Amino acid sequence: MGTPETSREPCPDRILDDIGGAFAMGAVGGSAFHFLKGVYNSPGGTRVLGGSQAVRLNAPRVGGSFAVWGGLFSAFDCTMVFVRQKEDPWNSIVAGAATGGFLSMRQGLGASARSAAFGGVLLALIEGAGIMLNRMFSAQQQIPVLIEEPGPNMPPLPSFMGQAQNMPEPASVTGSSSPDSGSGWLGGWFGGAKKESSAGTSSGSETKILESFDAPPVPSFEYK
Amino acid sequence: MAHTMSDRDQGSDPSSQARLYDPYQGLQVPIPARNVYQLPTTPQYLFDEEARRQRRGWSDNITFFTGCGYLSGALCGGASGLVSGVRSFESGDTAKLRLNRVLNASGHAGRAWGNRIGIIGLIYAGMESGIVALRDTDDVWNSVAAGLGTGAVYRAARGVRSAAVAGAVGGVLVGLAVTGKQAMKRYVPL
């Protein structure tokens, strides 16, 4: 998938992290939201007081429900990782569905199934967005690397050209010594093209002619 | 020499914080002399000033304290709710009714206590990160001040006297916890 440097804590500690993070997000976000709502809904001189009262009443509750969702999701996610022995987006999707279903289990099977579907779809959207962002980000990083790549491909070519050059050369010599048109042109074209390309590719560097194209013998790693 | 994060409390004693590592452990290799290496157990830094300044980040602090607080509050509240739910069983109850009583009681108490301790953990974590960032030291007094502040903020709505009492209680509790942890690390062979 990618390097694991950017991933999160290993699985048991991940649950605690997620509970804490989710509670903090819910409490802070809920505080802001309920403060504004309380300020809006309270009478003239006591707006700030009304806002802080609303925060004291509601922010722990919002934080708690976020923490329950986050903790259950993380627990199911870790269970899926343990069962499948893989780290996938599918773990998150199934965990989201399981969390949604589990939290509505007391309302009966229909409500549970609907919540499970809702949770699964939500997580699938989040994971899909994450994957697309990852692809865009790594595609941007690959473009400057590709421009430099033809470099390593250049040196192997002249050796091939050098060998192929030997065989047409006697043919082109005999061709040019015979009457001008026809085979002279032909030999000249082939020999000239090969000479041109090899001269172009081997500018300054020597072309070596390999005896055969077999790979050198593989070293054996026996411990002596 | 590499400076480790805990150099200042253990007196730069590498052997007490090293992990012994044998690369050929469990393998049958005909090597006569096997070296055992001492690997560091904490991150190592090039400069002593940098090593001294590395601490828990504020986000780690928040997730740790809030998470532990919420989880412990929820578990304890759930257990006490379970007990009170079982105690409220009546003689003619069906199994479904009993399950309902137990779930309601434990859920209610668990959520309530989890929220309270989670909020306390959040306020404490935020205050401690803020005080440590302000003072740029690593004392026990940072934690005690954070405990004072947490108690005061938590009971601020009940009046000044209530806030002062709660702040004092919070400061004393945190001071006890921190000194207790340090004493345990030094004297208890775990």
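For region B:35-67, enumerate the residues that are surrounded by 12 or more Cβ atoms within 10 Å (Cβ to Cβ), among the aromatic types (Phe, Trp, Tyr) and more than 25 Å from B:Gly126 (Cα to Cα).
Across region B:35-67, the qualifying residue is only B:Tyr45.
Is it fair to say B:Ser91 is more than 10 Å from chain A (Cβ to nearest Cβ) and either under 27 Å from A:Met25 (Cα atoms) or in contact (Cβ under 8 Å) with a residue 12 or more places away in the chain (or both)?
The answer is no for B:Ser91.
Please verify whether region A:119-133 includes one or more residues that are part of a helix (DSSP H, G or I) and either within 14 Å of chain B (Cβ to nearest Cβ) or closer than 26 Å to B:Leu103 by Cα (or both). Spell out how you get there, then give the answer.
The first filter runs over region A:119-133 and keeps only residues part of a helix (DSSP H, G or I), leaving A:119-133.
Those left that are additionally either within 14 Å of chain B (Cβ to nearest Cβ) or closer than 26 Å to B:Leu103 by Cα (or both): A:119-120.
The answer is yes; a qualifying residue exists.
Being crowded, with 21+ Cβ neighbours inside 10 Å and out of contact with any Asp or Glu (no Cβ under 9 Å at 6 or more places or on another chain) is the filter here, so list the residues in region A:77-92 that pass it.
none
Has region B:128-140 got at least one residue that is in contact with a Phe, Trp or Tyr (Cβ under 6 Å, 6 or more places away or on another chain) and buried (at least 17 other Cβ atoms within 10 Å of the Cβ)?
yes
Yes or no, residue by residue, for (1) assigned to a helix (DSSP H, G or I); (2) in contact with a helix residue (DSSP H, G or I) (Cβ under 6 Å, 6 or more places away or on another chain); (3) more than 14 Å from every other protein chain (Cβ to nearest Cβ); (4) not β-branched (Val, Ile, Thr):
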position: B:Leu99; (1), (2), (3), (4): yes, no, no, yes
position: B:Trp113; (1), (2), (3), (4): yes, yes, no, yes
position: B:Ile117; (1), (2), (3), (4): yes, yes, no, no
position: B:Ala125; (1), (2), (3), (4): yes, yes, no, yes
position: B:Ser129; (1), (2), (3), (4): yes, yes, no, yes
position: B:Ala145; (1), (2), (3), (4): yes, yes, yes, yes
position: B:Gly151; (1), (2), (3), (4): yes, yes, yes, yes
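Taking region A:31-87, which residues are touching a Ser or Thr at 6+ places or on another chain (Cβ under 7 Å) and under 20 Å from B:His108 (Cβ atoms)?
Of everything in region A:31-87, those that are touching a Ser or Thr at 6+ places or on another chain (Cβ under 7 Å) and under 20 Å from B:His108 (Cβ atoms) turn out to be A:Ala59, A:Trp69, A:Leu72.
Would you say B:Gln38 is over 27 Å from B:Val102 (Cβ atoms), at pLDDT 80 or above and away from every other protein chain (no Cβ under 14 Å)? Reasoning before the result, please.
On the way: over 27 Å from B:Val102 (Cβ atoms): yes; at pLDDT 80 or above: yes; away from every other protein chain (no Cβ under 14 Å): yes.
It is true that B:Gln38 is over 27 Å from B:Val102 (Cβ atoms), at pLDDT 80 or above and away from every other protein chain (no Cβ under 14 Å).
Looking at A:Ser74, A:Ser92 in this structure, which one is in contact (Cβ under 8 Å) with a residue 40 or more places away in the chain and closer than 22 Å to A:Gly20 by Cβ?
Answer to the check: A:Ser74.
The values are calculated or read from the model by the stated rules, or taken from the named source; none is laboratory data. Fair warning: this is a prediction, and the values are worked out from it, not measured in the lab. So basically every Cβ, Gly included, is an ideal-geometry build from the backbone, and we count neighbours across all protein chains shown.
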